[in-house]
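The values are calculated or read from the model by the stated rules, or taken from the named source; none is laboratory data. Small disclaimer: the values here were computed from a predicted structure and weren't measured. Here the Cβ positions follow ideal geometry from the backbone for every residue, glycine too, while neighbour counts run over all protein chains shown. Areas reflect the complete protein model, heavy atoms only, side chains present, ligands, DNA and RNA absent. Shrake-Rupley method; radii C 1.70, N 1.55, O 1.52, S 1.80 Å.
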Amino acid sequence: MIKKYIPASVKTMVKMALYSGTKYECPICGFKAKELYPIGCDFPVLKEMQIIGAGPRAGGCYKCNSSDRERLVYTYLRDKLKVWDKKQMSILHLAPEKNISRLLSETGFDNYVCGDLFTEGYDYPDYVQNMNVLDIPFEDNSFDLIICNHLLEHVPTDAAAMAELYRVLRPEGQAILQVPISPILENTYEDLSIVDPAEREKAFGQFDHVRIYGQDYPGKLEAAGFTVRKQNISAEYPKYGLSLQEDLYLATKAAD
Ligand SMILES: [Zn+2]
């Protein structure tokens, strides 16, 4: 009962005092830590399929609560795309990561649109609008950059979602499209007849996932029109607590 009334900021300060160190340095909040806290679900299928981007691992920042995969995307945006130097960019951010979206929304881009499919019981920051990836309310070729991570595995008609993302991306624009993915599964495992949350946990590793992507994932994006490139930058940042296995899936739209 007492625990409940301790404000989160005090809890965070206590954790920061306990876990400060030199092994890790969070690129988002700058906190220097001796360890990261455990994140991810523990369903056997995640281990069996060696899923990258899910499963139990040490990945949480005690200060800003970023995960390994959020820090990876942030680092890519900051160092490789250098988006914070390009305020004229038009950006669509779906299923927004909390820290990244807050930082992007504060930057003052010419156009930063943040959307999520509103779900009962969740709170959304005021810069997030209710949006369905199957019906993005923008014209063709509207965005230079799309950030849409860990969303496609929730959508039964993922090919339609990919086509919609492709439609609103500008020629020569780029999309970052991360999903939980199995390095040992050649073909994506999908069974849309599994709808019970507990059964989905067993089959796909999360109560609201509808598939596990395999190595055919880039091919699915290509079928929607994208050109896909895999890039791994994790080893360049040994202190950021990134997953060495996590590749970035970067999808571009060819010039007209
Ligand atoms: Zn942090």
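Here are a few things to note about the model shown:
- The chain - Debye-derived log10 I(q)/I(0), Cα point model, q = 0.17 Å⁻¹: -1.50
- Under 5 Å, built H, 5+ apart or other chain: amide partners of Gly173: Lys253
- Taking amide H positions as modeled 1.01 Å from N, with prolines and chain starts lacking one, the residues under 5 Å from Cys114 and 5 or more places away or on another chain are His93, Gln129.
- Secondary structure note: in the chain, about 50% of the DSSP beta bridges are antiparallel.
- Across the stretch 29-40, coupling constants 3J(HN,Hα) worked out from phi with the 6.51/-1.76/1.60 Karplus curve, θ = phi - 60°, read 10, x, 5, 9, 10, 8, 7, 10, 8, x, 10, x Hz, and Gly and Pro carry x.
- Dipole axis of the stretch 111-240 (+1 Lys, Arg; -1 Asp, Glu on Cβ), positive-most option in His154, Gly214, Ala203: Gly214
- Contact order normalised by residue count of the chain, Cα under 8 Å, 6+ apart, percent: 19 percent
- Within-9-Å neighbourhood charge of Asn149 [Cβ basis; K, R +1; D, E -1]: -1
- Given +1 at the Cβ of Lys and Arg, -1 at the Cβ of Asp and Glu and no other charges, the dipole of the stretch 118-256 around its Cα centre is 440 debye to the nearest 20.
- Listed residue pairs exceeding 21 Å between alpha carbons, taken from Lys98/Lys253; Lys11/Lys239; Lys86/Lys253; Lys63/Lys98: Lys98/Lys253; Lys11/Lys239
- Sequentially through the stretch 83-95, phi angles give Karplus couplings (6.51, -1.76, 1.60; θ = phi - 60°) of 5, 6, 9, 10, 6, 7, 5, 9, 10, 10, 10, 9, 6 Hz, Gly and Pro residues having no value and appearing as x.
- Under 18 Å of direct C-alpha separation, and excluding same-chain neighbours fewer than eight residues apart, Lys47 reaches these lysines: Lys202.
- Antiparallel bridges, percent of DSSP beta bridges restricted to the stretch 108-256 (to nearest 5): 55 percent
- Counting only protein heavy atoms and a 1.4 Å probe, the stretch 69-178 has 45 square angstrom of accessible area per residue.
- Within the shell defined by Cβ-Cβ distances under 12 Å, the residues around Gln206 carry a net charge of -2, with Lys and Arg each +1 and Asp and Glu each -1.
- Peptide packing for 219-232, 39-52 was compared via the average number of neighbouring C-beta atoms within 10 Å per residue; ordered from the highest value, the list is 39-52, 219-232.
- For the stretch 99-186, the dipole from Cβ point charges (+1 on Lys and Arg, -1 on Asp and Glu) about the Cα centre works out to 140 debye, to the nearest 20.
- Neighbourhood net charge (13 Å Cβ-Cβ; Lys/Arg +1, Asp/Glu -1) for Ser193: -2
- The amide H of Ser90, built 1.01 Å from its N in the peptide plane, has Asp144, Leu145 as neighbours under 5 Å, considering only residues 5 or more places off or on other chains.
- Put a plus charge on the Cβ of each Lys and Arg, a minus charge on the Cβ of each Asp and Glu, and nothing anywhere else: the dipole of the chain about its Cα centre is then about 1420 debye.
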